Each structure stands twice: as C-alpha cells, then as structure tokens.
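What follows is a single structure, written as structure tokens, with notes after it.
Each value in this text was obtained by applying a stated rule to the coordinates, not by laboratory testing. Since this is a predicted model, take the numbers as computed values, not measurements. Cβ sites come from the backbone with ideal geometry, for glycine too, and all protein chains shown count toward neighbours.
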Amino acid sequence: MRLEMAEFPVAEITLGREFRYGSETLEIDAGELKSLVLQDRHIKDASLEVVAPGAKVRITGIRDIVEPRVKVEGKGQVFPGVLGPVVPVGEGRTHRLSGMAVVTAAEYEGTIRSGSAAQRSAILDMWGPGAEASRFSALVNLVLTLRLAERLAELEAHTAIQRAECEVAKRLAEVTIGLKPRRVESYELGEDGSKLPRVVLIQGCHSDSHHAHSGISYYGLSIRDSLATFVHPNEMLDGAIGINTTKAVCHHPTTWDWQNHPLVLGLYRENRHRVNFAGVILERIRFETHHGKEVIAHNTAQMGTALRADGALVTWVGGGNAFVDVMLTIQACEQRGIKTVLVGYESGVKGGVDAPLLYYVPEADAVVSTGNRNSPIELPEAERVVGPYEEIQILNYPGAPVIPARGRVKLDALDMIVGGADIWGMQSWTCRAY
Amino acid sequence: MLTVIHIVNQYFGGLGGEEKAGSPVVVVEGAAGAARGLEGQLGDRGKVVATIYYGDNYFHEHVEEAKGVIVREVEKRRPDVVVAGPAFNSGRYGLASVEICQAVAEGLGIGCVVGMDSENPAVSAYREYRNMRVYLLPTAESAAGMTKALSLMARFAYRVGSGAEIGSAGEEGYLPRGIRRLQRTDRPGVERAIDILLKKVAGKPFVTEVPMEVWDQVAPAAPLADSSSATIAVITTSGVVPWGNPDGFKTYRNTFWRKYNIAELGALEPGRWEAVHGGYNVSYMNQNPHYGVPLDALRALEAKGKIGKGKLYPAYYVVPGNQGSPSVMKRIGQEIAADLRKEGVGGVLLVAT
C-alpha cells in the first residue's frame with residue numbers, strides 16, 4: 001500500500017470571497033465555510049479568524065486541531081467514517097496544506113460535572129513562553145469558533161465539532177486540486193526479505209470504554225475494550241483516527257497529531273535505509289484490572305512477534321493508570337526478544353524532584369524523555385483573545401474560580417496548553433538530571 | 001587565582017587515626033594534609049587558604065556545634081569554593097562531608113564539591129538535600145584512588161569557584177541529586193529514539209534518558225485478631241466528598257486530605273455526595289457513592305456484630321488520588337496514619353479507585 005502525500009505550504013491566510021491558493025497564500029471564502037458548518041442544526045453560529053505565529057493572541061476554548069487534507073487519488077476520502085462511508089484509505093494520493101491548521105474552539109459546559117468524561121478545553125498562545133511550549137504556535141492558524149446549540153449531550157457536541165472541523169479542513173484542501181505541489185513524499189512499508197531490522201510502532205491508547213466517546217476512534221468508531229489492532233500508518237495519515245473533541249488537554253493528541261504522527265513519519269524517513277518499518281500496533285490501554293493489563297501486554301507483544309518485529313518504539317496516550325499497561329507491554333516484548341524504546345513525557349512534579357515516571361519495570365532500560373508535562377509556566381498578558389471564552393477556568397473541578405483570559409496566567413502544569421506536552425517526540429524537548 | 005577551603009577528617013588532616021577521632025574542629029591556615037595534594041592539583045588555578053579538619057566521632061557527637069564552627073570559619077575567609085573529602089567508602093566521613101557542604105552552601109551560598117564512592121551511604125543524604133550548590137563527584141572506594149580523586153575534584157572545584165555554568169549530571173560527571181529539568185536538545189525525540197533502538201537491536205551500548213527506579217514495597221499489616229473490638233475507619237482515594245466540594249479538592253494533583261462525618265448516617269444518599277476525580281468516569285460513583293465509601297455494607301457488618309457497635313470511626317478520610325505525586329501522597333499517607341493512631345483506629349478499609 002503506497003500513499004503519496006503532496007504538500008502545499010501555507011505561510012499566509014486571508015479571509016476573502018473565494019478559495020484560492022498560490023505563492024504560499026491561501027485565500028478563503030469565509031461565507032461559504034460558514035454556511036457549510038451551519039448545515040448542522042447543532043451549530044447555531046460560526047466565525048473565522050486568522051492568527052499568525054508571533055501575534056500576541058491567546059486562543060481559548062480549543063477543542064481540536066486539524067490539518068487540511070483531501071484525497072485526490074485512491075479509494076475513500078479523508079476522515080473516513082466521520083465525513084464519509086467506511087472505505088479503506090491510505091492508498092493513492094492525498095493533498096495537504098502544511099504550515100497551517102484549523103483550530104476549532106467552542107464554548108461547551110457539558111452535562112458531566114467532573115471525572116474523566118467531563119469536557120475540557122485548552123488554550124494556545126501564539127507568542128512568548130506559551131508559544132515556546134506548544135508545537136501549534138508555529139502554524140498559521142485558522143480559528144473556527146463554533147456556537148453550539150444549548151444543552152447538547154457530550155456525544156452530540158463532539159459530533160458537531162468534529163464534523164465541522166473535518167468539513168472545513170477538507171474544503172480548504174480542495175483548493176489545491178489540479179495544482180502542482182511543492183513536494184511529494186511517498187509512504188510505503190518495508191519490503192519483505194530485507195535484512196534491516198523490522199521495527200513496529202506500538203501506540204498505546206487510553207480509551208474510556210464506558211464513555212459516550214472513548215477518546216479514540218478508528219474510522220469513526222470509538223475503540224473500547226479492544227485487544228491489540230494492526231493499523232497501517234497510511235490510514236493515520238489519511239485521518240482514519242479521531243479523538244473526542246469535547247476534551248483537549250496537553251498530553252492528549254489532536255487530530256493534527258494523528259495526521260502528523262512524528263514516530264510514524266520518523267520511521268518512514270528511516271524506512272529502507274536503516275529500518276524496515278512493519279506498521280503500527282494500536283494497543284488499547286488503561287484496563288481496569290491488573291489482569292486486564294497483563295492480558296493486553298501479552299496480546300500486544302504476541303502481535304509484535306507475529307509481525308516478526310526485531311524492535312519496537314513504544315509510546316502512549318493517557319495518564320498514570322494507562323502507563324502501567326505500557327510498562328507491562330514493554331516487559332512482555334522484551335521477554336519475547338523484541339527490543340523496545342519507550343518515547344514519552346515525564347510526570348515528576350515539584351520542580352522535577354519526584355519520580356519522573358509513574359511505574360517501572362526493569363526491562364524498560366531504554367527511554368527517551370520528551371520533557372515534563374508538569375512544568376510550571378507563567379503566561380504574560382495577551383493583546384487579544386480569540387475564541388469563545390473571555391474568562392477561563394484553570395482548575396478543572398466543580399466550582400473552580402475563573403480568571404480573565406486576556407490577563408497573566410500562572411499554571412502549575414502544561415495541561416491546559418494544547419500541544420504543551422511533546423507526547424510523541426516531535427520536538428527536541430527532554431529532561432536532564434541535575 | 002581562586003581561593004579554596006578544604007575540609008577533611010582528622011586522619012586526612014594529618015592528626016592521626018581512630019585514636020584522634022574525638023578531636024574538635026581545627027583550622028590550619030594554608031594547605032595541610034590531603035589539602036597539599038589538592039593544592040598541587042589546582043596548580044596556579046587556585047590556592048588553599050585554609051584547611052579545616054575535625055574528628056570523625058567528634059563531628060557526629062556534636063553535629064550542630066561542629067557545623068556552626070565550620071560555617072563561621074569559612075565565613076571569615078569567604079573562599080570561592082569549598083572542597084570536602086574525598087571520603088571514599090567511609091560512611092562517617094562521607095556523611096560529615098555532605099552535612100558540612102549542605103551547611104556551607106545553604107548558610108553562605110558558597111559552592112561545594114564533595115567526593116566519595118558512589119556506593120557510600122552518605123550519597124542518599126546528598127540526594128535528599130538536593131542542593132544545587134553542592135556537587136558530589138564519584139571517586140574510588142579507597143584512598144588508593146586519592147590522586148585521581150583530588151585531580152577530578154580540583155578541576156571541578158575550579159569550574160564551580162570561577163562561576164562557570166555547570167550542566168547536567170550526565171554531561172558533567174557529578175552524581176544526580178534527583179532533580180530533573182526541562183530542556184531543549186539538539187535533536188527531536190523521534191530521532192533519538194530510533195538511534196537508541198538501532199543500537200539496542202544491534203547489541204551495542206546505549207544510554208537511556210530516564211533511568212529506572214526501584215520503589216518501596218509496603219508490607220501489609222497483619223490481619224486484626226478480632227475485628228469486632230477494633231475501631232475501623234475508611235480511607236478512600238475515590239474523591240467522594242459532600243456535594244458542592246466544600247474544601248475545593250481539585251480533580252488531580254491534590255496536596256491535602258480531609259475527613260467527612262458519617263456518624264449519624266446509615267448510608268450515603270445519591271445527590272448529597274459527589275466524586276471529584278479526573279481519572280475515572282464519576283457518573284457511576286455519583287449515582288452510588290458506596291462504590292467509594294461502602295457505608296451501607298459497613299453498617300450491615302456492624303448490625304451483624306462483625307464490626308463492634310459504635311466501632312465504625314465516625315468520619316471517613318479522603319483524597320482524590322488522580323495524578324498524586326508520590327512524595328505528596330507519601331506525606332498525605334503519613335499524616336492520615338498519624339491521625340488514625342491518635343484516634344485509636346485499629347483497622348482500615350482502604351478503598352482505591
């Protein structure tokens with residue numbers, strides 16, 4: 001399965017009256033995009049704003065971020081199962097608008113007060129220390145602010161947000177149809193019979209099986225108590241994996257992250273040179289019992305063996321409970337002779353004094369640290385706030401105080417900043433011992 | 001030229017062995033004993049302005065007094081850097097060196113370089129202080145490694161004393177204190193990961209960026225001989241609190257605990273309690289708070305006499321456990337345990353989530 005990804009870089013976006021692309025400038029027909037979004041009766045209003053890197057702007061109420069893409073050759077269409085039918089994707093040719101993203105923001109209170117199913121939104125600073133902390137501040141961002149209908153349940157709100165952002169992203173990328181790309185990357189897994197080490201990516205995914213949306217979907221279907229699943233990385237590039245768009249936190253990926261998974265792209269860069277990339281194992285983690293964690297660890301390692309993997313990059317989405325499943329998976333892989341490297345952020349608090357990881361197995365002897373999610377940060381006053389919230393709630397508990405969104409914000413961790421944790425090693429963050 | 005004070009025990013000060021271990025603190029102007037070796041290694045980069053030595057036993061029998069004298073003597077001379085040891089594998093000497101460096105660095109803000117074997121038990125004291133002005137350099141186990149140790153310590157002391165920026169433990173060679181700092185590197189995580197993986201698959205040496213740790217194992221207490229005569233309490237990390245969250249618990253990373261009264265209650269009524277916790281779906285807990293605080297079952301056991309009449313402690317203890325940092329949770333556990341003991345509680349039902 002071979003996918004060609006044609007890149008159309010965007011350095012500037014203008015809101016105009018038609019869709020046009022040239023010289024890295026994207027002109028947008030804002031009226032058409034708005035009416036496209038308003039076809040959904042769950043969305044009462046929508047507005048668009050362009051925010052460039054360096055602007056002293058704070059975006060509030062962020063639910064998700066998507067890169068505009070459209071398939072121009074091959075079966076199916078981007079975001080399968082969300083926008084269109086379940087047709088396998090990952091083959092043919094896809095166009096992408098790089099260097100920009102659709103940042104979707106919405107005010108939403110939700111019906112669930114607390115706990116892991118409660119809604120959460122994130123912020124993004126386009127300048128200063130907040131920008132330094134997030135990979136999304138370097139993009140030219142088209143902020144799509146939605147006003148949802150009143151009293152939507154979580155799944156209805158999610159569906160409205162996700163459909164809107166995906167429709168907009170696809171429509172934007174359609175502007176490039178028939179145009180010549182800046183460059184084309186070709187993605188195909190390793191060859192059989194190669195002498196290079198066979199490497200898989202084991203992608204742990206926290207899923208809340210009993211929530212309306214589990215937090216991760218494949219072709220639009222929430223992944224629940226699943227055992228390990230083989231996923232072709234090209235499916236990810238075509239938007240087959242989605243998230244719960246009512247909840248954005250720094251250590252959870254956005255749709256953009258799944259479309260631009262750095263470990264997938266990194267293994268593709270080395271594929272047929274230094275490694276033989278054998279695909280992605282999607283591993284559901286955060287089983288409720290230790291028994292469940294042992295089973296998923298065994299089952300994932302067994303799939304690694306079936307794929308004849310010599311080595312695995314192991315990473316995850318989720319918190320402390322889910323991390324136990326990840327560590328047991330590393331143990332199970334090593335016991336079967338599959339060499340592993342764990343890639344992920346640290347969670348040590350109190351200025352890096354606590355244990356950096358939340359669970360240990362002796363077999364996890366190779367870890368790449370992508371920084372610390374619990375780093376405190378102070379954000380200066382913004383010149384302008386974009387997005388639905390003029391006031392934000394930093395602490396996520398019932399009755400937590402609100403503060404003006406434009407003012408100085410002091411955070412004890414990066415949780416609230418979208419992209420604040422370098423979850424999968426895209427950037428050069430690390431932690432060092434002193 | 002840098003000014004250095006070298007602090008050693010009575011043996012390396014040149015006074016004598018165990019028979020002189022009771023000697024109080026002595027200050028010699030210039031270099032004496034092992035300090036002559038240090039001065040030789042410093043060459044023209046630095047000068048030992050004073051050598052301070054103390055008896056091994058004297059120090060540990062008069063810790064505060066000895067530290068006080070040493071800090072005052074150092075303060076009078078305000079050196080650029082203080083060197084202590086090398087203590088090799090000597091536990092007493094190692095600990096005294098760490099304690100002195102801590103006192104000098106904290107009290108006077110002067111950088112300190114201390115040397116010892118990395119297996120010396122005093123290394124754990126160094127880790128506990130986590131003082132960014134104290135650097136512990138690993139040396140050999142015995143004085144056979146003296147010259148090498150002094151050479152290493154002299155070079156490092158020169159850098160510390162001249163105000164050079166000292167990098168991470170891995171780059172500089174001192175033992176990490178257990179502090180980890182967020183930094184940029186020259187390459188993205190994915191490239192570093194693939195490089196390590198290829199080395200590992202090829203059987204070549206590699207360096208992890210996060211060393212594994214070994215955590216304390218907690219042995220459970222012995223079962224109660226007679227549950228009906230003991231006072232029984234409930235502790236929960238579920239985050240079940242009175243509706244409205246009166247104490248403002250966060251859904252994650254809490255730093256305190258509370259007790260809530262259940263003395264007059266036979267059961268927890270839904271709608272009057274809620275779970276504040278970011279790590280699980282709380283709607284089931286809100287519908288039935290007994291998943292977190294099983295008061296109904298405990299009252300039933302009380303009725304059957306398995307728990308003595310009036311022996312259920314009248315309040316339950318709670319902290320939402322989500323993302324609790326190990327050191328904070330350890331402190332919270334110790335505080336709750338102390339309170340349980342004060343209240344005469346004999347057994348605890350610990351409800352985790």
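Tabulated values for the structure
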{"quantity": "Filtered residue count, segment A:134-170, keeping only those that are out of contact with any helix residue (DSSP H, G or I) (no Cβ under 6 Å at 6 or more places or on another chain), part of a helix (DSSP H, G or I) and within 18 Å of A:VAL50 (Cβ to Cβ)", "calculated": "4"}
{"quantity": "Listing of helices (runs of 4 or more DSSP H) fully contained in segment A:217-335 that carry 3 or more residues being among the polar types (S, T, N, Q)", "calculated": "A:290-306, A:320-335"}
{"quantity": "Selection status of A:GLY128, on the phi > 0 side of the Ramachandran plot and within 14 Å of chain B (Cβ to nearest Cβ)", "calculated": "no"}
{"quantity": "When residues of segment B:193-236 are limited to those that are aliphatic (A, V, I, L, M), in contact with a Gly (Cβ under 8 Å, 6 or more places away or on another chain) and within 14 Å of chain A (Cβ to nearest Cβ), the one nearest to B:VAL345 (Cα to Cα)", "calculated": "B:VAL207"}
{"quantity": "Count of segment B:26-39 residues which are surrounded by fewer than 23 Cβ atoms within 10 Å (Cβ to Cβ), without any contact (Cβ under 8 Å) to a residue 60 or more places away in the chain and either outside any loop (DSSP other than H, G, I, E, B) or among the aliphatic types (A, V, I, L, M) (or both)", "calculated": "8"}
{"quantity": "Within segment A:370-391, tally of residues that are under 29 Å from B:ARG180 (Cβ atoms) and surrounded by 16 or more Cβ atoms within 10 Å (Cβ to Cβ)", "calculated": "8"}
{"quantity": "Which listed residue is in contact (Cβ under 8 Å) with a residue 40 or more places away in the chain, within 14 Å of another protein chain (Cβ to nearest Cβ), more than 21 Å from A:GLU288 (Cβ to Cβ) and of a type in the set (A, V, I, L, M), from B:VAL276, B:VAL348, B:VAL319, B:VAL328", "calculated": "B:VAL328"}
{"quantity": "Complete set of residues in segment A:416-434 that are of a type in the set (Phe, Trp, Tyr) and surrounded by fewer than 24 Cβ atoms within 10 Å (Cβ to Cβ)", "calculated": "A:TRP429, A:TYR434"}
{"quantity": "Members of segment A:34-71 found to be surrounded by fewer than 21 Cβ atoms within 10 Å (Cβ to Cβ), assigned to a strand (DSSP E or B) and of a type outside the set (Val, Ile, Thr), listed by number", "calculated": "A:LYS44, A:ASP45, A:SER47, A:LEU48, A:GLU49"}
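Listed here are the residues, each with its yes/no results for (1) away from every other protein chain (no Cβ under 14 Å); (2) of a type in the set (A, V, I, L, M); (3) assigned to a loop (DSSP other than H, G, I, E, B).
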site: A:LYS75; (1), (2), (3): yes, no, yes
site: A:VAL78; (1), (2), (3): yes, yes, yes
site: A:VAL87; (1), (2), (3): yes, yes, yes
site: A:THR94; (1), (2), (3): yes, no, no
site: A:VAL103; (1), (2), (3): yes, yes, no
site: A:THR111; (1), (2), (3): no, no, yes
site: A:ILE123; (1), (2), (3): yes, yes, no
